[in-house]
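Below: the structure, in structure tokens.
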């Protein structure tokens, strides 16, 4: 346990600048989108914030939080720049233990920004009297999975592509793999939007919006995204394991 604690502390310390920058950007966006709450726009009696606006505000913050949590934190680059990667070959921690610590560091970032997104959602849900936690969770995890998939695919391409032919083959496999994942997720949130405005002049009807919101916050979608997230965590661990075993010339 002390070994993993030390490795996680090292990882968080090396990536603290990345975390601070992401945190500042997230807080600035959150404060900007909290302006209606701070100005008291929800204090008017008899008025209720439209569902689409709640979905938009919560969705944007959750999406940005997920992107920031899932993006590459630069730990591998910091290891190479500091000389840790070469030095680690003669240290007690194995490549497997270092890979596990990298995954735990990534999970720390995901948990941190997830809690921030949940706090924002709580404020907006309380102000608008609308439960948007399901929307936040699915949007956040979906963004995390999308960014992690890109990062993992890039890592595998760099590690296993020895020639341009290999690069092309792996790139095609990654492209079709991403398409399959998007297709599966799309089955859960597919909504038919009308091509012509309805009788009230609205291009998107309330029924279509409610259907989209219901599917976006559904438990089935949560289970699907969480399953994809678990698979991506395993692939991330394997990629980091292979990376730590790889000796650069």
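The values are calculated or read from the model by the stated rules, or taken from the named source; none is laboratory data. Only a predicted model underlies this, so the values are computations on that prediction, with no experimental measurement involved. Don't worry about glycine lacking a Cβ; one is built from the backbone with ideal geometry, like all the others, and counts go over all protein chains shown.
Taking the listed residues 67, 61, 51, the one that is within 18 Å of residue 125 (Cα to Cα) and modelled with pLDDT of 80 or more is 61, with no other qualifying. Counting only helices (runs of 4 or more DSSP H) that sit completely within the range 1-42, those holding 2 or more residues that are modelled with pLDDT under 85 and more than 18 Å from the chain's Cα centre (by Cα) correspond to 2-14, 35-38. For the range 117-130, indicate whether the set of residues that are surrounded by fewer than 18 Cβ atoms within 10 Å (Cβ to Cβ), modelled with pLDDT of 90 or more and either touching a helix residue (DSSP H, G or I) at 6+ places or on another chain (Cβ under 7 Å) or part of a loop (DSSP other than H, G, I, E, B) (or both) is non-empty. Yes, the conditions are met somewhere in the range 117-130. Selection within the range 70-111: residues that are modelled with pLDDT of 90 or more and within 12 Å of the chain's Cα centre (by Cα). The member of this set that is surrounded by the most Cβ atoms within 10 Å (Cβ to Cβ) is 106. The C-beta contact set for the range 216-237 (first residue free of Cβ contacts under 8 Å to residues at least 60 places away in the same chain, second residue assigned to a helix (DSSP H, G or I), distance under 7 angstrom, 6+ apart or interchain) comprises 220/188; 224/184; 224/185; 224/188.
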